[in-house]
Amino acid sequence: MLKESRDAKGKTAYLILDGTTYELPVIVGTENEHALDITKLRRETGYITFDPGYGNTGSCSSAITFVDGEKGILRYRGYPIEELAINGTFIETTYMLIFGELPTSTQRREFRELLCDQELLHEDLRHHFEGVPSNGHPMAILSAVINSLGCYYPDLLQIENEDEFLRAAAKIISKVRTIAAWSYRKAHGLPFMYPDPKLSYCRNFLHMMHSIPHRYFEPTDEQVRALSLFFLLHADHEQNCSCSTVRMVQSTEANLFASVSAGICALWGRLHGGANAGVIKMLEEIHDGDATIPDYLERVKRKEFRLMGFGHRIYKSFDPRAKILRQATHDMLESTGYDDPLLDIALELADAALSDDYFIERKLYPNVDFYSGIILRALGIPVDMFPVMFAIGRMPGWIAHWNETNTDGTTRIHRPRQIYMGESTRHYVPIEERK
Ligand code: ACO
């Protein structure tokens, strides 16, 4: 039995187990979120909690990102995502997520210069790209090459101070673009384009993706802004699967390169960063006449598959990122004159799902992945690069979380428990006696 009361120290919960009462302190976050502190539960009671998928488990306290899924609120370091989307850039947001404050103009300039200094890859790293088959998935290349960066900077494998952290973080944030673009060039048999220090972060990435020697790709300002917005909206989302993976790997005191590389692997799955590619596949099937919207929704309701880009573990009224992207997608297509029939299908599909009882009852809304693929298509990004784009955007969040666990002084190695449901002790049977 679990009771709650308020005493002189604040709120305390009382757990009564087998006639004994145990106190469970209540932790209250700055946004009035409440948690039962069970850190002494097993030691004092012999019980553990059972929470597959961790839907009710606070694995840490964090000062980076706040999400209220019921109200559709997302704030990075206190700043509403809507304000950042209108006023901010990806690089400014990156700085703020990692260092806690928006940069002054000097800090922003210095940070940009630092990123420029770090944009080249060690020439030996070219062999990594040459050694993989041309149909190798770019997420596999990205995670492998990011992890391999650690081999080139052994002095940054054990980060002891802020300066070392800044150097390692800047290397990853800058080089991830180059690695991502080169994985695409490798897959398409195109020459690697070197970064151009005169270009801004997003323009430079598009240059490495789409320029060819002696012919520069010149994106429009709208395209550059759309890419910056895409990255900014993906920059962090508190303790999602990939972020928790990064924190878990860090808890062993693994280095930054290895930890974020593990985050990339976690992101790859189609229920996480792979969902935006699934959305485009779905919209293309409808577009090509392989399925109609009503048929598609019927099959989803029969649970043959999930509606990709819909639903979220946390958001139960709307995903604020999806709302921003829906508008941005529309604006960008209009300003660039790029007409994508998949947008109309997406809008129609979303409207049909949002008025269907199956989705209403389960509080399923479009998530950030529902519209992001259409923006990426308009930027000439192929579908297998979609999760890579997500990973570039999420990098500042992973790095900020890694640093938070690395410096808070209270992190213990992450080691969940389990309820064992297997065989009890049994004895070894020689092979000739086995049936
Ligand atoms: N389509 C159809 N039904 C769904 C969907 C969906 N996209 N999402 C959830 N449901 C249903 C489930 O079948 C379940 O129904 P039931 O109660 O009848 O069994 C109910 O809604 C609750 O679903 P859960 O699986 O408990 O939800 P959970 O929080 O575990 O999953 C997730 C969240 C993984 C995002 C899920 O909604 C999903 O699979 N969505 C599609 C993939 C996707 O878009 N992923 C991107 C997430 S956002 C991101 O990573 C940036």
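For E164, neighbours were defined as the other residues whose beta-carbon sits under 15 Å from its Cβ, and their charges (Lys and Arg +1, Asp and Glu -1) total -3. Exceedance of the 32 Å cut-off in Cα-Cα distance is limited, within the set K186/K316; K171/K281; K281/K363; K71/K175; K71/K171, to K186/K316; K171/K281; K71/K175; K71/K171. Relative to the current alpha-carbon distance between E113 and H272, full extension at 0.36 nm per residue lengthens the span by 54.0 nm. Other residues within the sphere of radius under 15 Å centred on the Cβ of N276, judged by their own Cβ, net out at +2 (K and R +1, D and E -1).
With the alpha-carbon atoms of the chain aligned to their principal axes, the span from lowest to highest coordinate is 79, 68, 57 Å, starting with the largest.
For F318, neighbours were defined as the other residues whose beta-carbon sits under 11 Å from its Cβ, and their charges (Lys and Arg +1, Asp and Glu -1) total +4.
Across the stretch 146-161, coupling constants 3J(HN,Hα) worked out from phi with the 6.51/-1.76/1.60 Karplus curve, θ = phi - 60°, read 4, 5, 5, 3, x, 5, 8, 10, x, 5, 10, 6, 10, 8, 10, 8 Hz, and Gly and Pro carry x.
With each label modelled as a point 7 angstrom along the Cα→C-beta vector, the I86-R434 pair spans 6.8 nm.
Once the Cα-Cα distance is subtracted from the 0.36 nm per residue extended length, the E253 to T336 segment shows a gain of 25.2 nm. Each Lys and Arg contributes +1 and each Asp and Glu -1, all at the Cβ; summed about the Cα centre of the chain, the dipole is approximately 900 debye. Go ahead and collect, in residue order, the members of the stretch 342-371 whose backbone nitrogen is under 14 Å from a label point 7 Å along the Cα-Cβ direction of K301. Backbone N within reach: 352-362. Going by a ≥ b ≥ c, the root eigenvalues of the Cα gyration tensor, does the stretch 3-96 fall in the rounded group (a/c under 1.5), the prolate group (a/b larger than b/c) or the oblate group? It is prolate, given that a/c is not under 1.5 and a/b is the larger ratio.
With a simple spin-label model that places each label point 7 Å from the Cα along the Cα-to-Cβ direction, the separation between I360 and R126 comes to 6.1 nm. Less than 5 angstrom separates the built amide H of L17 from those of Y22, all sequence-distant by 5 or more or on a different chain. The alpha carbons of the stretch 138-255 give a radius of gyration and a Dmax of 16.1, 47 Å, in that order. The order of the peptides 307-318, 240-251, 420-431, 67-78 by mean Cβ neighbours within 10 Å, most packed first, is 240-251, 307-318, 67-78, 420-431. Name the residue, out of H287, H214, H237, whose mean-square fluctuation peaks in a Gaussian network model built on the chain with Cα pairs under 10 Å. Of H287, H214, H237, the most mobile in the Gaussian network model is H214. By the Stokes-Einstein formula, at 1.567 mPa s and 4 °C, the stretch 357-419 with its Kirkwood radius over alpha-carbon pairs has D equal to 83 µm²/s.
3J(HN,Hα) couplings calculated from phi for the stretch 219-236 with the Karplus curve 6.51 cos²θ - 1.76 cosθ + 1.60 (θ = phi - 60°) are, in sequence order, x, 6, 4, 5, 5, 5, 5, 5, 5, 4, 5, 4, 4, 4, 5, 9, 5, 7 Hz; Gly and Pro show x.
Each residue of the stretch 207-218 was assigned a 3J(HN,Hα) from its phi angle through the Karplus expression (A = 6.51, B = -1.76, C = 1.60, θ = phi - 60°), giving 4, 5, 6, 10, 6, 10, x, 6, 9, 6, 7, 10 Hz with x at Gly and Pro. Convex hull volume per residue, computed on the Cα atoms of the stretch 227-341, equals 139 Å³. The packing ranking of peptides 221-230, 257-266, highest mean first, is 257-266, 221-230, where packing means the average number of other beta carbon atoms within 10 angstrom of each residue. Counting only the Cα atoms, the stretch 59-129 fills a convex hull of 162 Å³ per residue. The value of relative contact order for the stretch 180-332, using C-alpha pairs under 8 Å at least six residues apart, is 14 percent. Size check on the stretch 302-384: the Cα extents along the three principal axes, sorted descending, read 38, 26, 22 Å. The equivalent ellipsoid that matches the C-alpha gyration tensor of the stretch 137-200 spans semi-axes of 25, 15, 8 angstrom, in descending order. Every pair of different Cα atoms in the stretch 110-171 enters the Kirkwood calculation, which places the hydrodynamic radius at 13.1 Å.
Read-outs: derived from the displayed coordinates by stated rules, not from any lab. Predicted, not measured: the structure shown is a model, and the values here were computed from it. Every residue, glycine among them, receives a Cβ derived from its backbone with ideal geometry; neighbour counts consider all protein chains shown.
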